[in-house]
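Heads up, the thing below is written out as structure tokens.
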Amino acid sequence: MRTQHYHPAAKALHWLVAVLLCAVVPLGFLQKLVKEDVYAYVNFWHLSLGFTLFLVMLARLGVRLLTKTPGSPAGTPPWASRLAAWNHWLLYAALICEPILGYLTTNAQGYPLVWFDVIPIWSPFGKSPAADTILAVHLYLAWVIVGLVLLHICGVLYHRLIRRDDSLARMT
């Protein structure tokens with residue numbers, strides 16, 4: 001049987017999101033660890049790449065809704081298919097909400113977002129006492145995303161090493 005592949009745009013956006021996540025998440029956690037003179041540099045890249053991730057995720061959602069998605073490989077247990085579907089949609093939701101929370105945190109701290117120091121992004125409000133709360137939710141959701149990504153990777157390994165099916169080939 002011939003392998004059903006994801007749309008080429010879906011593949012490209014999937015891997016772009018993976019690369020962006022590999023940069024944005026560590027930069028976010030580094031913000032609390034670096035010295036003040038390096039913080040601005042780390043924060044600049046975290047914010048700019050985070051906003052880029054948001055835009056890429058919107059494009060990815062559009063592609064997902066407009067293209068055909070292959071079903072689970074033959075013989076996949078129903079529980080594994082349901083878990084994969086839930087994990088995918090939770091990742092979509094989290095990866096769209098997380099940059100919004102980061103943007104709102106920056107805004108509530110009283111700083112405007114200027115994407116890559118070139119394009120100013122509209123600010124819905126200014127400095128707010130809600131900044132700490134929004135930041136706490138942003139940090140919590142970052143850990144949720146890490147967990148969802150690890151679960152996603154476990155699914156890939158399950159299909160590749162245990163089931164030995166063509167699941168990974170569909171996204172490469």
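Being more than 18 Å from I119 (Cα to Cα) and among the β-branched types (V, I, T) is the filter here; which residues of the stretch 48-70 pass it? Step through it out loud before you land on a result.
Restricting attention to the stretch 48-70, the residues satisfying the condition of being more than 18 Å from I119 (Cα to Cα) are 57-70.
Correct list: V63, T67, T69.
Which of the residues that make up the stretch 46-77 are assigned to a loop (DSSP other than H, G, I, E, B), at negative phi and not β-branched (V, I, T)?
Result: K68, P70, G71, S72, P73, A74, P77.
The rows are residues; the columns are (1) touching a helix residue (DSSP H, G or I) at 6+ places or on another chain (Cβ under 8 Å); (2) more than 20 Å from F116 (Cα to Cα); (3) modelled with pLDDT of 95 or more.
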site	(1), (2), (3)
T3	yes, yes, no
P8	no, yes, yes
K11	yes, yes, yes
V34	yes, yes, no
A40	no, no, no
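When you check N107 against the structure, is it in contact with a helix residue (DSSP H, G or I) (Cβ under 9 Å, 6 or more places away or on another chain), free of Cβ contacts under 8 Å to residues at least 24 places away in the same chain and crowded, with 16+ Cβ neighbours inside 10 Å, yes or no?
In short, yes.
Check L113 against each of (1) over 15 Å from H152 (Cβ atoms); (2) modelled with pLDDT of 95 or more and name the one condition it does not meet.
Failed condition: (2).
What pairs come up if the first residue lies in the stretch 11-39 and is within 21 Å of L65 (Cβ to Cβ), the second is loosely packed, with under 12 Cβ neighbours inside 10 Å and among the hydrophobic types (A, V, I, L, M, F, W, C), and their beta carbons are under 6 Å apart, counting only those six or more places apart or on different chains?
No pair meets every condition.
Taking the options P70, P77, P120, name whichever one is exposed (fewer than 14 other Cβ atoms within 10 Å of the Cβ) and closer than 24 Å to H159 by Cα.
Working: P70 fails: exposed (fewer than 14 other Cβ atoms within 10 Å of the Cβ); P120 fails: closer than 24 Å to H159 by Cα.
From the options P70, P77, P120, the qualifying one is P77.
Being surrounded by fewer than 16 Cβ atoms within 10 Å (Cβ to Cβ) and either in contact with a Gly (Cβ under 6 Å, 6 or more places away or on another chain) or assigned to a loop (DSSP other than H, G, I, E, B) (or both) is the filter here, so list the residues in the stretch 152-172 that pass it.
If the condition is that a residue be surrounded by fewer than 16 Cβ atoms within 10 Å (Cβ to Cβ) and either in contact with a Gly (Cβ under 6 Å, 6 or more places away or on another chain) or assigned to a loop (DSSP other than H, G, I, E, B) (or both), then R164, T172 are the ones that fit.
Just one of L113, L101, L49, L61 is over 26 Å from Y6 (Cβ atoms), without any contact (Cβ under 8 Å) to a residue 60 or more places away in the chain, surrounded by 15 or more Cβ atoms within 10 Å (Cβ to Cβ) and not basic (K, R); which is it?
L101
Give me a count of the residues in the stretch 116-132 that are closer than 15 Å to H46 by Cβ and either free of Cβ contacts under 8 Å to residues at least 24 places away in the same chain or in a loop (DSSP other than H, G, I, E, B) (or both).
The number of residues fulfilling the criteria is 2.
The values are calculated or read from the model by the stated rules, or taken from the named source; none is laboratory data. No experiment lies behind these values; they were computed from the predicted model shown. Note: ideal-geometry Cβ built from the backbone for every residue, glycine included; neighbour counts use all protein chains shown.
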